[in-house]
Amino acid sequence: TVLVTTRISFVSERLLRKAFEWVDQVAHELKWDDAYLAKRRFDIESEVRTRGTYMHTEEEIVHGARVSWRNSAKCVGRIAWNTLMVRDRRHVTNLDHMFAECLEHQRLATADGSLKAVSE
């Protein structure tokens, strides 16, 4: 029991360190005010302590996708990283709706004949 508790505690602490590192970066880059950052950090810690994980906000998901593209050293198109259209579809669980979202993704990415950067 002690070993399992210690392992869970270690994993939670590691997750919190990584989560805080990420949310601090988001806060800095998106210029969050201190009160909002403090609340977000509190919410993350509460969720990790309760469930062992936490959910990114849509704003964190969008920024994360864009930062990934920005930091992709070999991508020549990354100069447009902040124009990436990100569609948060975590709520879609039905197979038919997932298929419809795939079609919508394709439509958005190729609309009017010019390719657009779209991420989900």
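Readers should treat all values here as calculations from the given coordinates under stated rules, not as data from a laboratory. Predicted model only: the values in this text are computed from it and were never measured. Neighbour counts are summed over all protein chains in view; Cβ atoms, including those assigned to glycine, are modelled from backbone coordinates with ideal geometry.
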Discussion item. Can you tell me, using C-alpha contacts under 8 Å and at least 6 residues apart, the relative contact order of the range 14-120 as a whole percent?
Written reply: 20 percent
Item to complete: Enumerate the amide H contacts of Ser119 below 5 Å, restricted to partners 5 or more residues apart or on another chain; note that Pro and chain-start residues carry no placed amide H.
Response: Met85, Val86, Arg87
Worksheet entry | Label corresponding to Cα Rg over 2.2 N^0.38 Å when calculated from the structure given, among (i) 1.05; (ii) 1.82; (iii) 1.33 | (iii)
Fill in: Ranked packing of 54-66, 18-30, 103-115, most packed first, by mean Cβ within 10 Å
54-66, 18-30, 103-115
Worksheet item: In whole Å, what is the distance between the alpha-carbon centres of the range 9-42 and the range 79-112?
Response: 27 Å
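Please give the charge dipole size of the chain, origin at the Cα centre, charges +1 on K and R Cβ atoms and -1 on D and E Cβ atoms. Round to the nearest 20 debye.
Roughly 420 debye, rounded to the nearest 20.
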Worksheet entry | Extension gain (nm, one decimal) between Arg41 and Lys74, 0.36 nm per residue minus Cα-Cα | 8.6 nm
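Over the chain, how many pairs of lysines fall under 20 Å by alpha carbon, counting only those 8 or more apart in sequence or from different chains?
Close lysine pairs found across the chain: 4.
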Discussion item. Under the 0.36 nm per residue contour assumption, what length would be gained going from the current alpha-carbon distance of Lys116 and Glu104 to full extension?
Written reply: 3.0 nm
Item to complete: Go ahead and estimate [θ] at 222 nm for the chain from helices alone: -39,500 (n - 2.57) per DSSP H run with n ≥ 4, summed, over the residue count, rounded to 500.
Response: -21500 deg cm²/dmol
